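Scroll down for the structure; my scribbles are underneath it.
The values are calculated or read from the model by the stated rules, or taken from the named source; none is laboratory data. This structure is a prediction, so every number in the text was calculated from the model and none was measured.
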Amino acid sequence: QLAVLSEHAKLGVEQELLANEQRTLAQRAAALERSSKEVATEYHRAQQGSQETQVQSRQLEREQEEANKELRTLVLLQGDLRHQQADHYAQATRLERMKQRLMGVWGSESFHGGGGGIT
């Protein structure tokens with residue numbers, strides 16, 4: 001009967017150790033679950049942030065494309081203006097030469113009696 005009591009006591013101690021181990025495992029499981037939820041939350045936040053970043057990136061790309069289009073248009077307009085300036089300069093130069101010739105003709109007529117007038 002003493003052996004039965006001793007065996008019973010051993011079983012009680014083992015049962016207590018197993019209960020303690022079970023509580024420890026339950027605490028670990030709860031901590032892992034909290035950690036898993038935190039990781040999932042952080043992952044979700046990061047994913048949302050990534051999506052927002054992608055949306056912002058696409059918006060910036062569109063704005064960059066628009067800016068590039070405007071820049072190309074401005075470069076073309078600048079080229080057109082340069083051509084117009086060159087044309088105006090050439091025209092002004094021609095007009096200046098014509099003016100100089102006319103001034104020369106008028107000057108010579110007034111000094112040499114040309115032009116059909118009475119001298």
Report yes if Val39 is over 21 Å from the mean Cα position of the chain (by Cα), part of a helix (DSSP H, G or I) and modelled with pLDDT under 95, otherwise no.
yes
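Take Leu32 and decide whether it is part of a helix (DSSP H, G or I) and more than 16 Å from the chain's Cα centre (by Cα).
Numbers: part of a helix (DSSP H, G or I): yes; more than 16 Å from the chain's Cα centre (by Cα): yes.
Yes.
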